[in-house]
Amino acid sequence: MSTYFVIIGHNDTPLYEVHLGSPIDIENSNTNTSSNGANLNNLSIASSGTTSGNLLNDPLNMSPFIAHAALDIVSDTEWGGGAAANSNTSQGFGALLLRGNASNNSNSNNSGGANGPDNLFLGCVDHFYGSQVTAYVTYQGARLITVHHTTPPDNAQLKSFYIGVHELFIKTLMNPFYKMDQAINSEVFDKKVKDLAQKYLLK
Amino acid sequence: MSQPEPQKIIDPSSSSHKKTVKKLPTPLNTNASSCIYTQSLAFTKNKVSLSAMAFLFQEMVSTIYKNSKTMAEFEAKLNKHGFGIGVRLLELLNFRASLPVTTNSRSSIFPSSSSTSAQNPSNSTVSASGSGAAGGNSGSGSTTDRHSNGPESLTSLINTMKRRDLKILDILQFVHGTVWAYLFDHPSDDLVKSSERSNEYMIVDNMPVFTQFIPGGVSCDFYVCGIVQGFLTNAGFPCRVTPHRMPQDGFDRRIVYLVQFDKQVLEREGLRFGSN
């Protein structure tokens, strides 16, 4: 599946996750990965269960791992760190700056990081061998993270998607029976998120 | 929608341990189309009568009082009730603040010059909403591309979301202004930074609305404390909030809510935003 979306609560518990998009053919979609430095086809890690040994032959299982691995960077960025400043940095490790100052974000080329006019949408915060991770933070620290195995849509579309899910999340919160950090199991929520994804993410 | 099953009496001597209890129809459990996702988040000025609110509050207080053994436990429980409200208000009011300024979307129009004696009255919440409004007015006219959330969705109106408040002063300004205006129809009377300790701030209310009919001490004000505490804690500023009665200027019931932030909040503030 080409896109994986997860809502992680402010206590780092996943509240909702969904796999979106159509199954992708990893071998064919990685022809232009040379710009990212690591060529996926050369990456062969022996893993039981995948026939050719290619790490990303199993995107379904890798996606939650990738999303959670990006949590450190999201936490840093949401409080004004300079971690997400450069998208040219290494593949999959991110530049962790724990003592970011406000001036470090002047050269960030996404939506201004956490010091711009809109500091909810953090943009692309991490890479993982060609898969991009975008993140959005709600006011209480719940993080909406998407792993894009194919090219992500542009920022405007992403923002519309994230703000739409944010609104749905707030409506879920308004339910007086919803306890904090409870998993969101509502089918209506699920359907609406999928509709949003269909409209904004998977073009 | 299927009818709920009648509750069966469980015979203690029966061997089957199946419990058939009526399920509360929470939207998380029903298969019927839940209406919480189809209601708009925009502000509708629904006023509740003060007497109804007072009765409800009094009943809540007496129930908690009966179930508590000590005053500390009573205050903690009351605090917890308010906590849940604060958590929800955090998201809701910030979201509403992101909407472009129309006559209906805002909960109240409070004066932009807030009377604070805090160190740096940056009024950042008001200015941020102002800039959001300027950007939003151009986009709010055209609703040709309806958001797929549905016609009641407000997402299509938003151009820029309101900033998350990262500094102590910003978020306290928001509590002093927007939250208080939402709850009590006027911004709180004062926002003060303590001169003795660096992690203490005070929000002053001359006429507490909830407890105006309750004589005696300040225990029942822990409810509003819980609201503030829930709001601040979930925004990433863990703190303790306690009420203190300080009559002044003819206001006998004047309450000061003392907000004490945890050390980690000040440390983060110093690391990220200090040393400039």
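Go through the stretch B:234-255 and give me each residue that's buried (at least 19 other Cβ atoms within 10 Å of the Cβ) and closer than 18 Å to residue B:191 by Cα.
Initial filter on the stretch B:234-255 (buried (at least 19 other Cβ atoms within 10 Å of the Cβ)): B:234-237, B:239, B:241, B:243, B:254-255.
Result: B:237, B:239, B:241, B:243, B:254, B:255.
Per-residue answers, yes or no, for (1) at pLDDT below 50; (2) within 12 Å of chain A (Cβ to nearest Cβ); (3) crowded, with 22+ Cβ neighbours inside 10 Å:
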position	(1), (2), (3)
B:118	yes, no, no
B:155	no, yes, yes
B:162	no, yes, yes
B:165	no, yes, yes
B:168	no, no, yes
B:182	no, no, no
B:193	no, no, no
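Taking only the stretch A:190-203 into account, find how many residues are within 7 Å of another protein chain (Cβ to nearest Cβ) and touching a helix residue (DSSP H, G or I) at 6+ places or on another chain (Cβ under 6 Å). So that I can check it myself, show each step before the final result.
Step one: filter the stretch A:190-203 for residues within 7 Å of another protein chain (Cβ to nearest Cβ), giving A:192, A:195-196, A:199.
Narrowing the set further to residues that are touching a helix residue (DSSP H, G or I) at 6+ places or on another chain (Cβ under 6 Å) leaves A:192, A:196.
Summing the residues that are within 7 Å of another protein chain (Cβ to nearest Cβ) and touching a helix residue (DSSP H, G or I) at 6+ places or on another chain (Cβ under 6 Å) in the stretch A:190-203 gives 2.
Since residue A:138 meets every condition but one in (1) more than 7 Å from chain B (Cβ to nearest Cβ); (2) at pLDDT 90 or above; (3) open to solvent by less than 10 Å² (accessible area, probe 1.4 Å), which condition does it not meet?
(1)
Tell me the residue from B:50, B:24 that is at pLDDT 80 or above and exposed (fewer than 14 other Cβ atoms within 10 Å of the Cβ), please.
Matching residue, one of B:50, B:24: B:50.
The values are calculated or read from the model by the stated rules, or taken from the named source; none is laboratory data. All of these numbers come straight from a predicted model, not from anything done at the bench. Here the Cβ is made from the backbone with ideal geometry for all residues, glycine too, and neighbour counts use every protein chain on show. Surface accessibility is based on the protein's heavy atoms, side chains included, excluding ligands, DNA and RNA. Shrake-Rupley method; radii C 1.70, N 1.55, O 1.52, S 1.80 Å.
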